[in-house]
1. Quick one: ILE474 ticks every box in (1) away from the ligand (no atom under 16 Å from the Cβ); (2) under 20 Å from the mean Cα position of the chain (by Cα); (3) open to solvent by 20 Å² or more (accessible area, probe 1.4 Å); (4) of a type in the set (A, V, I, L, M) except a single one, so which number is it?
2. Please give the number of the condition THR480 fails out of (1) within 30 Å of LYS355 (Cα to Cα); (2) in a strand (DSSP E or B); (3) polar (S, T, N, Q).
3. Just the residues that are among the small types (Gly, Ala, Ser) and surrounded by 23 or more Cβ atoms within 10 Å (Cβ to Cβ), please, taken from region 336-356.
4. Taking the condition of being of a type outside the set (Val, Ile, Thr), touching a strand residue (DSSP E or B) at 6+ places or on another chain (Cβ under 6 Å) and near the ligand (Cβ under 7 Å from one of its atoms), how many residues in region 228-242 meet it?
5. Within region 298-321, is there a residue that is within 16 Å of the ligand (Cβ to nearest atom) and within 23 Å of the chain's Cα centre (by Cα)?
6. Determine, yes or no, whether SER258 is small (Gly, Ala, Ser), farther than 30 Å from ALA307 by Cα and touching a Pro at 6+ places or on another chain (Cβ under 9 Å).
7. Scan region 448-460 for residues that are buried (at least 18 other Cβ atoms within 10 Å of the Cβ) and either at positive phi or out of contact with any Phe, Trp or Tyr (no Cβ under 9 Å at 6 or more places or on another chain) (or both) and jot them down.
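The values are calculated or read from the model by the stated rules, or taken from the named source; none is laboratory data. If you're wondering where the values come from, they're calculated on a predicted model, not measured in any experiment. All Cβ positions, even for glycine, are placed from backbone atoms using ideal geometry, and neighbour counts span all protein chains on display. All accessible areas refer to the heavy atoms of the entire protein, side chains included, with ligands and DNA or RNA removed. Shrake-Rupley method; radii C 1.70, N 1.55, O 1.52, S 1.80 Å.
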Amino acid sequence: MDTKREREVIDKAPKQLFIGGEWRDASGGRTLGIEDPSSGETLCKVADGTPEDATAALDAAVEVQGSWGQVAPRERGEILRRAFEILVDRSDELALLMTLEMGKTIAESKAEVTYAAEFFRWFSEEAVRIDGRFATSPNGQGRLLTMKQPVGPCLLITPWNFPLAMGTRKIGPAVAAGCTMVMKPAQQTPLSMLELARVLAEAGLPDGVFNVIMSSSSSSVMGPLIADERARKLSFTGSTEVGRKLMEQAAPNLLRVSMELGGNAPFLVFDDADIESAVQGAMVAKMRNIGESCVAANRFHVHESVADEFTARLGDAMGALKVGRGTDEGVDIGPLIDDVQRQKVAELVDDATGKGAKAVVGGSAVEGAGYFFEPTVLGSVPASADLMTTEIFGPVAPVAAFSDEGEAVRLANNSEFGLVAYVYTRNIDRALRVTEALDVGMVGLNQGMVSNPAAPFGGVKQSGFGREGGYEGIEEYLDTKYVAIAT
Ligand code: NAP
């Protein structure tokens, strides 16, 4: 740990609201503390925005929407490309900042900076591929022309678990499409987003296109904006519970909405799977981001003939992980975000063991400062255990056995969520049958990671709708206008 370097990075990070290209204190001057989850200590204080600040941010976005929408697509793309390059150049510093506010290891933070930057590269290339169509009317009397235009000012709300990438997945396509934005990052991790605002300004994004507000009361700052008819879109990443509330709020204003919500990913291992590869995939699907990921494998359904072997091998791999502060050498797993999250994970584990699950490894919170929890594998988990139906958001892998393919698919689909599923099998027929039968937006087939800026990320059922990344991602920020032409 290099405390001097940490202090420098924290001191250098912006801490004010970013509105109309200016850094400002909150009106009223209040601040809110940012905590280091590895110690519980306050890292620094940032401006605590008010509803007036939020309105000022929307005012700024509305004011420049017209001119920004007219900027040439190539120029919009070049801004993203420059921002991509700055992010890559500064990845060490950004990763340290992210680790300090969020907890994951420096290696994981670096991976997130790369992932986040790649959305800018991808959408820098998509900005110049926005097109429409021209057709002869079926009766031959006239022509049809369609054109794609920016939706308009967008409200963006992001969670704490991927402080940078959940932002760039929205900002990249919004910039490429010509939309202006008001961004509200989670109050626990605003520092990475504030650095990103600085990067975008350096890359040449005009003042007012991207505005950032933070607040200790998200609902009071975002409520008025969601009701403001000048806003045209809401893109939210976070819990299903909050997503539902925001949809209700957005309904009177008929805002276009994208909802990237919670998950409860099943991880299926069939008897014909390569078990070693399944264990490696399980480690990624479960442990990336300390298990605090919407695409984290939440429950492992393993064929009864290989369940013991899989559980034992997963236990060995999880037991070998070193838990500690994300900045320390050799650490694999950082702390959970806060004590509330750690309590929730502990209660889910206690509930499962109380109902008959066996802890193969781990099972408890780590004593001392910070919000650490042991990497945990639970075997013979009954279907009645709450963690089979609740998003765990922690380093806990529950394993349950199934007896045939039909049962595996039924168990996998037995969830209100439908974000992602993982399937391990070497039988091509089964792979196609099972992936088609799963009620999810994404499938990892013999692979423990699906996130990819070139692919459409998103869910079905209570995991929401809309897609981020891929060719599909920019559509969320474009409206189609049709022109009927007399000939
Ligand atoms: P959360 O509690 O729903 O918060 C998400 C964001 O919404 C934060 O910025 C939060 O601000 C804000 N917020 C909360 N209540 C609000 C309200 N009434 N009005 C306006 N904004 C409000 O979720 P979280 O705990 O941060 O994140 C974890 C969840 O996100 C998990 O369920 C995870 O699965 C989901 N997630 C989904 C995806 C995906 O792509 N599908 C990706 C990542 C995470 P404050 O925190 O500052 O109050």
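1. (3)
2. For THR480, the exception is condition (1).
3. As a first pass, look at region 336-356 and keep what is among the small types (Gly, Ala, Ser): 346, 352, 354, 356.
Across region 336-356, the qualifying residue is only ALA352.
4. So the first thing to find is which residues in region 228-242 are of a type outside the set (Val, Ile, Thr), and the list is 228-236, 238-239, 241.
Remaining after also requiring touching a strand residue (DSSP E or B) at 6+ places or on another chain (Cβ under 6 Å): 231, 233-236.
Among the residues that remain, those that are also near the ligand (Cβ under 7 Å from one of its atoms) are: 236.
Looking only at that region, the number is 1.
5. Restricting attention to region 298-321, the residues satisfying the condition of being within 16 Å of the ligand (Cβ to nearest atom) are 298-299.
Imposing the further condition that a residue be within 23 Å of the chain's Cα centre (by Cα) reduces the set to 298-299.
Yes, the conditions are met somewhere in region 298-321.
6. On the way: small (Gly, Ala, Ser): yes; farther than 30 Å from ALA307 by Cα: yes; touching a Pro at 6+ places or on another chain (Cβ under 9 Å): no.
No; evaluated as a whole, the condition is false for this residue.
7. PHE457, GLY458
Results for (1) within 15 Å of the ligand (Cβ to nearest atom); (2) in a loop (DSSP other than H, G, I, E, B), shown as yes or no for each residue.
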site: ALA421; (1), (2): yes, no
site: ASP429; (1), (2): no, no
site: VAL440; (1), (2): yes, yes
site: GLY444; (1), (2): yes, no
